[in-house]
Amino acid sequence: MRYFPVFLDLQDAPVLVVGGGEIAARKVALLRAAGASITVVAPHISQSIETRVSQGMDWIPRCFEPTDVHGMRLIIAATDDRTLNAAVAAAARAAGVSVNVVDDAALSTFIVPAIVDRSPIVVAISSGGAAPMLATRLRARIEVLLDESWGRLAVFADRWRQRVRAAIPDLPKRRGFYDWLLDGPVATAVRAGREKLADRLIEGQLAPGAGVRAGKVTLVGAGPGDPGLLTVRALRALQQADVILVDRLVSKEILGVARREAEVIDVGKEPGGHGTRQERINQLLVLHARRGRMVVRLKGGDPFVFGRGGEELEYLRQNGIAYEVVPGITAAMACAAYAGIPLTHRDHSHGLQFVTAHCRESLDRVDWHGLARPDQTLAIYMGVAELDAVRDRLLEAGMPPSTPAAFVQDGTLPQQRVVVTELAALPESARRHAIASPSMLFVGQVAEFATELAWFGSEPINDACPPARVAVYGKS
């Protein structure tokens with residue numbers, strides 16, 4: 001390690017910036033954010049630096065002189081003249097002042113890292129000058145992982161620091177408490193902007209005789225199967241989980257990115273009602289949370305779109321369990337996108353309806369006349385087992401038999417298949433091509449776009465639509 005990483009307190013410290021262009025302006029902005037007292041030396045300055053000068057920053061409108069380095073804490077050379085930069089570096093070294101020459105590690109005694117600022121949390125990344133663009137790329141990735149809520153959480157934890165130290169003098173126990181604070185319901189409350197609730201949670205745990213610290217439950221939408229479609233927050237929850245209650249349709253690739261030590265409990269329901277009952281799932285969520293564990297309820301797609309997420313939150317609230325929800329990309333959106341089916345289109349579809357058809361009882365509650373209206377798209381979940389009934393009821397409600405329809409099986413996964421057909425032929429097409437769960441069914445004029453716009457998986461099968469009509473829609 002050639003460079004020793006350190007964070008300097010530059011509040012009101014004198015810092016010299018040599019150069020007046022845009023590169024110098026970027027360094028001035030960073031130094032101002034750190035509270036430095038900046039002096040710029042340059043014959044000419046950019047408009048952004050001129051604005052800073054109008055606000056009170058010092059500017060010496062001439063060329064650099066070696067005596068300018070005297071009394072400075074740091075020096076930045078940010079000109080496009082290497083001879084001048086070398087002179088600045090030499091003067092700084094002679095005076096014993098640390099100097100950075102922008103994009104010239106050989107002349108520098110310190111390096112300005114790529115910075116992720118979530119104050120008071122600050123992350124600095126350096127490649128030692130070897131690959132600045134790599135450091136920039138890493139910064140971009142870390143910025144995604146550390147959202148702005150980490151700064152608020154740091155401020156909150158600092159406010160409680162002395163009281164926690166006084167209440168829990170034992171260091172190992174205090175570390176355990178902070179694990180709960182930073183990963184559990186307190187952090188969830190702070191990130192949700194509910195600091196009064198977070199205060200009450202801590203007060204309860206620091207009270208004499210407090211019992212086992214409760215964990216929390218995170219409802220996580222796993223999306224349609226491709227782990228690349230997980231949100232950053234979903235990935236974070238999976239990697240922090242102690243227990244994961246997983247649905248049948250969650251892919252093994254999704255589980256592959258979860259914390260390896262987590263206990264995985266399969267609570268999936270098979271078609272026809274077989275599997276873990278919802279009441280038992282609710283009980284398991286509360287049981288593990290009350291043991292102080294971080295519980296993830298992992299659902300395919302989005303937990304609030306035909307996922308019974310609302311029922312589970314109601315049960316958690318009734319039992320005093322903290323929770324949060326991480327949305328997922330619902331199957332309709334993802335499968336349509338991967339199949340090249342625009343769910344809305346100004347020429348062919350002015351609306352979108354989500355429908356579930358997993359049993360006869362659900363079909364009886366559907367407004368079929370409303371679904372049969374033209375110029376809209378139907379996205380039908382769990383409909384493979386009820387295709388005859390779906391077709392018959394849409395036809396009875398007045399939808400034309402030739403209305404395009406498309407099955408998307410295993411959407412977003414390498415084995416994805418797309419079959420384009422017509423409403424009247426839905427059951428026959430499904431049987432002919434062995435369509436099985438998990439599959440999404442799309443009904444509406446936009447379904448035909450899959451024959452031309454599909455970009456993922458095997459080539460779509462055109463099972464019914466005449467090529468001439470496909471071409472018309474594809475070019476609209």
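Hey, among ARG139, ARG163, which residue is touching a strand residue (DSSP E or B) at 6+ places or on another chain (Cβ under 7 Å), assigned to a helix (DSSP H, G or I) and at pLDDT 90 or above? Walk me through how you get there before you give the answer.
Values: ARG163 fails: touching a strand residue (DSSP E or B) at 6+ places or on another chain (Cβ under 7 Å).
Result: ARG139 is the single residue among ARG139, ARG163 that is touching a strand residue (DSSP E or B) at 6+ places or on another chain (Cβ under 7 Å), assigned to a helix (DSSP H, G or I) and at pLDDT 90 or above.
Looking at the stretch 246-259, which of the residues that are surrounded by 18 or more Cβ atoms within 10 Å (Cβ to Cβ) and touching a helix residue (DSSP H, G or I) at 6+ places or on another chain (Cβ under 6 Å) is nearest to ARG308 (Cα to Cα)?
Filtering the stretch 246-259 for residues that are surrounded by 18 or more Cβ atoms within 10 Å (Cβ to Cβ) and touching a helix residue (DSSP H, G or I) at 6+ places or on another chain (Cβ under 6 Å), the one nearest to ARG308 (Cα to Cα) comes out as ILE254.
Just for the stretch 68-79: of the residues that are within 42 Å of the chain's Cα centre (by Cα) and outside any loop (DSSP other than H, G, I, E, B), which one is nearest to ASP9 (Cα to Cα)?
Of the residues in the stretch 68-79, the ones within 42 Å of the chain's Cα centre (by Cα) are 73-79.
This time we only want the ones that are outside any loop (DSSP other than H, G, I, E, B), so: 74-77.
Working: LEU74: 11, ILE75: 15, ILE76: 16, ALA77: 20 Å.
Here the residue is LEU74.
Give the stretch 21-49 a look and list any residue that's farther than 24 Å from ALA124 by Cβ and either surrounded by fewer than 12 Cβ atoms within 10 Å (Cβ to Cβ) or within 33 Å of the chain's Cα centre (by Cα) (or both), or say none.
Correct list: PRO43, HIS44, GLN47.
Of (1) on the phi < 0 side of the Ramachandran plot; (2) assigned to a loop (DSSP other than H, G, I, E, B); (3) at pLDDT below 95, TYR323 satisfies all except one. Which?
Evaluating TYR323 over (1) on the phi < 0 side of the Ramachandran plot; (2) assigned to a loop (DSSP other than H, G, I, E, B); (3) at pLDDT below 95 leaves (2) as the failure.
Regarding VAL18, is this residue more than 23 Å from ALA130 (Cα to Cα), buried (at least 21 other Cβ atoms within 10 Å of the Cβ) and either within 33 Å of the chain's Cα centre (by Cα) or hydroxyl-bearing (Ser, Thr, Tyr) (or both)? Break it down stepwise before answering.
Details: more than 23 Å from ALA130 (Cα to Cα): yes; buried (at least 21 other Cβ atoms within 10 Å of the Cβ): yes; either within 33 Å of the chain's Cα centre (by Cα) or hydroxyl-bearing (Ser, Thr, Tyr) (or both): no.
Against the criterion (more than 23 Å from ALA130 (Cα to Cα), buried (at least 21 other Cβ atoms within 10 Å of the Cβ) and either within 33 Å of the chain's Cα centre (by Cα) or hydroxyl-bearing (Ser, Thr, Tyr) (or both)), VAL18 does not qualify.
Can you tell me how many residues in the stretch 150-174 are over 23 Å from PRO113 (Cβ atoms) and either in contact (Cβ under 8 Å) with a residue 60 or more places away in the chain or not aliphatic (A, V, I, L, M) (or both)?
14
Scan the stretch 417-437 for residues that are out of contact with any strand residue (DSSP E or B) (no Cβ under 7 Å at 6 or more places or on another chain) and in contact (Cβ under 8 Å) with a residue 12 or more places away in the chain and jot them down. Show your work before the answer.
The initial filter retains those residues of the stretch 417-437 that are out of contact with any strand residue (DSSP E or B) (no Cβ under 7 Å at 6 or more places or on another chain), namely 424-425, 427-428, 431-432, 434, 437.
Answer for the stretch 417-437, where residues must be out of contact with any strand residue (DSSP E or B) (no Cβ under 7 Å at 6 or more places or on another chain) and in contact (Cβ under 8 Å) with a residue 12 or more places away in the chain: ALA424, ALA425, PRO427, ARG432, SER437.
How many of the residues in the stretch 378-403 are among the hydroxyl-bearing types (Ser, Thr, Tyr) and farther than 21 Å from SER437 by Cβ? Give the steps one after another, and end with the answer.
Just the residues of the stretch 378-403 that are among the hydroxyl-bearing types (Ser, Thr, Tyr), to begin with: 381, 402-403.
Those still in the list that are farther than 21 Å from SER437 by Cβ too: 402-403.
Here the count works out to 2.
Six or more apart or on different chains, Cβ under 7 Å: which pairs go from a residue in the stretch 246-257 that's closer than 13 Å to GLY221 by Cβ and in a loop (DSSP other than H, G, I, E, B) to one that's at pLDDT 90 or above and basic (Lys, Arg)? Could you list them?
The qualifying pairs are ASP247/LYS299.
PHE177: touching a helix residue (DSSP H, G or I) at 6+ places or on another chain (Cβ under 6 Å), free of Cβ contacts under 8 Å to residues at least 60 places away in the same chain and either aromatic (Phe, Trp, Tyr) or assigned to a strand (DSSP E or B) (or both), yes or no? Steps first, please.
On the way: touching a helix residue (DSSP H, G or I) at 6+ places or on another chain (Cβ under 6 Å): no; free of Cβ contacts under 8 Å to residues at least 60 places away in the same chain: yes; either aromatic (Phe, Trp, Tyr) or assigned to a strand (DSSP E or B) (or both): yes.
Answer is no for this residue.
Looking only at the stretch 401-444, which residues are farther than 19 Å from VAL355 by Cα and within 30 Å of the chain's Cα centre (by Cα)?
Residues satisfying the conditions are THR412, LEU413, PRO414, GLN415, GLN416, ARG417, VAL418.
Restricting attention to the stretch 189-209, which residues are closer than 21 Å to GLN239 by Cβ and buried (at least 20 other Cβ atoms within 10 Å of the Cβ)? First the steps, then the outcome.
Going through the stretch 189-209, the residues closer than 21 Å to GLN239 by Cβ turn out to be 189-192.
ALA189, VAL190 - these are the residues of the stretch 189-209 that are closer than 21 Å to GLN239 by Cβ and buried (at least 20 other Cβ atoms within 10 Å of the Cβ).
Out of the residues in the stretch 422-462 that are in a loop (DSSP other than H, G, I, E, B) and touching a Leu at 6+ places or on another chain (Cβ under 7 Å), state the one that is farthest from LEU343 (Cα to Cα). It would help to see each step written out before you state the result.
Our first condition is that a residue be in a loop (DSSP other than H, G, I, E, B); within the stretch 422-462, this holds for 433-438, 444, 454-460.
If we keep only those that are touching a Leu at 6+ places or on another chain (Cβ under 7 Å) too, we end up with 438, 444.
Details: PRO438: 19, GLY444: 9 Å.
That would be PRO438.
Quick one: in the stretch 141-195, which of the residues that are among the aliphatic types (A, V, I, L, M) and over 28 Å from the mean Cα position of the chain (by Cα) is farthest from THR218 (Cα to Cα)? Can you show your working first?
Looking only at the stretch 141-195, we keep the residues that are among the aliphatic types (A, V, I, L, M), and these are 142, 144-146, 153-155, 157, 164, 166-168, 171, 181-182, 186-187, 189-190, 192.
Applying the additional criterion that residues be over 28 Å from the mean Cα position of the chain (by Cα) yields 164, 166-168, 171.
Working: VAL164: 26, ALA166: 31, ALA167: 29, ILE168: 28, LEU171: 29 Å.
The extreme case among them is ALA166.
Considering only the stretch 53-67, state which residues are assigned to a helix (DSSP H, G or I) and either buried (at least 20 other Cβ atoms within 10 Å of the Cβ) or of a type in the set (Val, Ile, Thr) (or both). Quick ask: steps written out before the conclusion?
Of all residues in the stretch 53-67, those assigned to a helix (DSSP H, G or I) come to 53-54, 66-67.
Passing the criteria: VAL53, THR67.
Could you please find all residues in the stretch 210-241 being outside any loop (DSSP other than H, G, I, E, B), of a type in the set (Gly, Ala, Ser) and either surrounded by 17 or more Cβ atoms within 10 Å (Cβ to Cβ) or more than 14 Å from the chain's Cα centre (by Cα) (or both)? Give the steps one after another, and end with the answer.
The first filter runs over the stretch 210-241 and keeps only residues outside any loop (DSSP other than H, G, I, E, B), leaving 216-221, 223, 227-229, 232-240.
Now drop any that are not of a type in the set (Gly, Ala, Ser), which leaves 221, 223, 228, 234, 237.
Listed by number, the residues that qualify are GLY221, GLY223, ALA234, ALA237.
Looking only at the stretch 103-118, filter to residues that are within 17 Å of ALA87 (Cβ to Cβ) and in contact with a strand residue (DSSP E or B) (Cβ under 6 Å, 6 or more places away or on another chain); which one of those is surrounded by the fewest Cβ atoms within 10 Å (Cβ to Cβ)?
THR109
Just give me the residues in the stretch 72-91 being in contact with a Pro (Cβ under 9 Å, 6 or more places away or on another chain) and either buried (at least 19 other Cβ atoms within 10 Å of the Cβ) or not charged (D, E, K, R) (or both), in sequence order. Let's see the steps before the verdict.
Going through the stretch 72-91, the residues in contact with a Pro (Cβ under 9 Å, 6 or more places away or on another chain) turn out to be 72-74, 87-88, 90-91.
Result: MET72, LEU74, ALA87, VAL88, ALA90, ALA91.
Do we have any residue at all in the stretch 80-95 that's β-branched (Val, Ile, Thr), out of contact with any Cys (no Cβ under 6 Å at 6 or more places or on another chain) and part of a loop (DSSP other than H, G, I, E, B)?
Checking the stretch 80-95: not a single residue is β-branched (Val, Ile, Thr), out of contact with any Cys (no Cβ under 6 Å at 6 or more places or on another chain) and part of a loop (DSSP other than H, G, I, E, B).
The values are calculated or read from the model by the stated rules, or taken from the named source; none is laboratory data. Fair warning: this is a prediction, and the values are worked out from it, not measured in the lab. Glycine gets a Cβ as well: all are built from the backbone with ideal geometry, and neighbour counts include every protein chain shown.
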